[in-house]
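Single-structure report; data block below.
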Amino acid sequence: DARVTQTPRHKVTEMGQEVTMRCQPILGHNTVFWYRQTMMQGLELLAYFRNRAPLDDSGMPKDRFSAEMPDATLATLKIQPSEPRDSAVYFCASGFDADTQYFGPGTRLTVL
Amino acid sequence: GESVGLHLPTLSVQEGDNSIINCAYSNSASDYFIWYKQESGKGPQFIIDIRSNMDKRQGQRVTVLLNKTVKHLSLQIAATQPGDSAVYFCAENTTPQGAQKLVFGQGTRLTINP
């Protein structure tokens, strides 16, 4: 049963620290998406990649967030420095071209 | 700006009854719509989708209706079960002919009463 995996599942850190979240997309999928979910804003698209190239990162705060795909099996989302307002659940999703997106279980981030 | 919204934030139904969850969208260029189910502590799970050239699509116990005239989307769940309790999101693809850039609604919490 192919699934998107994300690590860590939970992360508690202090303001100012660097946070790295990782995602392994479903094998064969060529699009990867990063979302953030909060009670106030709901699900927001931060960035997405196709064939490892960034297509759109307009939803991401550029000064502190960065997203990369070092290879086809790994996507990373980094926050440096982290702030309390970054506390949220971060989801990765993958798909093939314009087909259905499949979501991972999420990383719950708490910044104190 | 363009947005996807839901008419009701919560919905309670009796087990075995049918439920209808509604969604309004505002981007007339959107060509693809999806319903996701999210259970507590989990990621959104794909339920059913529909393209703009259709007005109805059926799955197992679920039906999605699309009314492009009034920009309205609904999800019907037949014979609801306790496992249907979750938050349901509609989403629209705002990049026709491209990789899906989805805009999600705020969600409706469905509670199934025994």
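The values are calculated or read from the model by the stated rules, or taken from the named source; none is laboratory data. This one's a predicted model, so the numbers in the text were calculated from it and none came from an experiment. Methodologically, a virtual Cβ is constructed for each residue, glycine included, from the backbone with ideal geometry; neighbour enumeration extends over all protein chains shown. With ligands, DNA and RNA removed, areas are computed over all heavy atoms of the protein, side chains included. Shrake-Rupley method; radii C 1.70, N 1.55, O 1.52, S 1.80 Å.
If you go through segment A:89-101 and keep only what is under 13 Å from the mean Cα position of the chain (by Cα) and either of a type outside the set (A, V, I, L, M) or open to solvent by 10 Å² or more (accessible area, probe 1.4 Å) (or both), you end up with A:V89, A:Y90, A:F91, A:C92, A:S94.
Would it be correct to say that A:V32 is within 22 Å of B:E92 (Cβ to Cβ) and at pLDDT 95 or above? So A:V32 fits the description; yes.
Look at B:I48 and say whether it is surrounded by 14 or more Cβ atoms within 10 Å (Cβ to Cβ), at pLDDT 95 or above and more than 15 Å from the chain's Cα centre (by Cα). No.
If you go through segment A:48-67 and keep only what is at pLDDT below 95 and small (G, A, S), you end up with A:A53, A:S58, A:G59.
Only one entry in B:E92, B:E39 is closer than 26 Å to A:C92 by Cα, within 14 Å of chain A (Cβ to nearest Cβ) and surrounded by fewer than 18 Cβ atoms within 10 Å (Cβ to Cβ), namely B:E39. Highlighted here are the strands (runs of 3 or more DSSP E) found entirely within segment A:51-112 that include at least 3 residues which are more than 11 Å from chain B (Cβ to nearest Cβ) and in contact (Cβ under 8 Å) with a residue 12 or more places away in the chain: A:65-71, A:74-79, A:107-111.
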